[in-house]
Amino acid sequence: VQLQASGGGLVQAGGSLRLSCAASGSILSIVRMQWFRQAPGKGRELVAGVTRDGSTNYADSVKGRFSISRDGAKSTMYLQMNSLKPEDTAVYYCNAESGSTFLTYWGQGTLVTVSS
């Protein structure tokens, strides 16, 4: 499985961005996809996840503001981020868990910067 993240950028506080994570390869083997983020000087934290059957989960810090989804072909995952705050500034990474290899694959990060 290969992952390509995109959609990051600079936005003012209160604004919105949509991140995309395009998957290729053994897409049908993916059982869960997730977004993580890593702020400067901090560890990587889970932002949101979506399973193959559509179940979702969110970090408390983003509930009600972020929405995770996958397209019908299950090849692309999205993270709609609304009401962005400066503390959302981070490099955002996507990953995918394979039910056949039992490995977790990571995409490259995409930088989100929220100015106050």
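The local environment of M77, defined by Cβ-Cβ distances under 15 Å, has a net charge of +3 under the rule Lys, Arg +1 and Asp, Glu -1. State, as an integer percentage, the relative contact order of segment 44-116 based on alpha-carbon contacts under 8 Å between residues 6 or more apart. Relative contact order, segment 44-116: 21 percent. Roughly how many debye, to the nearest 20, is the charge dipole of the chain about its Cα centre, given +1 on each Lys and Arg Cβ, -1 on each Asp and Glu Cβ, and no other charges? Here the chain has a charge dipole of around 40 debye.
Per residue, the solvent-accessible area of segment 1-114 (1.4 Å probe, heavy atoms of protein chains only, all protein chains present) comes to 49 Å². Based on C-alpha pairs under 8 angstrom that are at least 6 apart in sequence, segment 8-80 has a relative contact order of 32 percent.
The values are calculated or read from the model by the stated rules, or taken from the named source; none is laboratory data. Note that the structure is a prediction, hence the values are computed from the model and not measured. As a convention, Cβ positions derive from the backbone with ideal geometry for all residues, glycine included, and neighbour counts pool all protein chains shown. Surface accessibility is based on the protein's heavy atoms, side chains included, excluding ligands, DNA and RNA. Shrake-Rupley method; radii C 1.70, N 1.55, O 1.52, S 1.80 Å.
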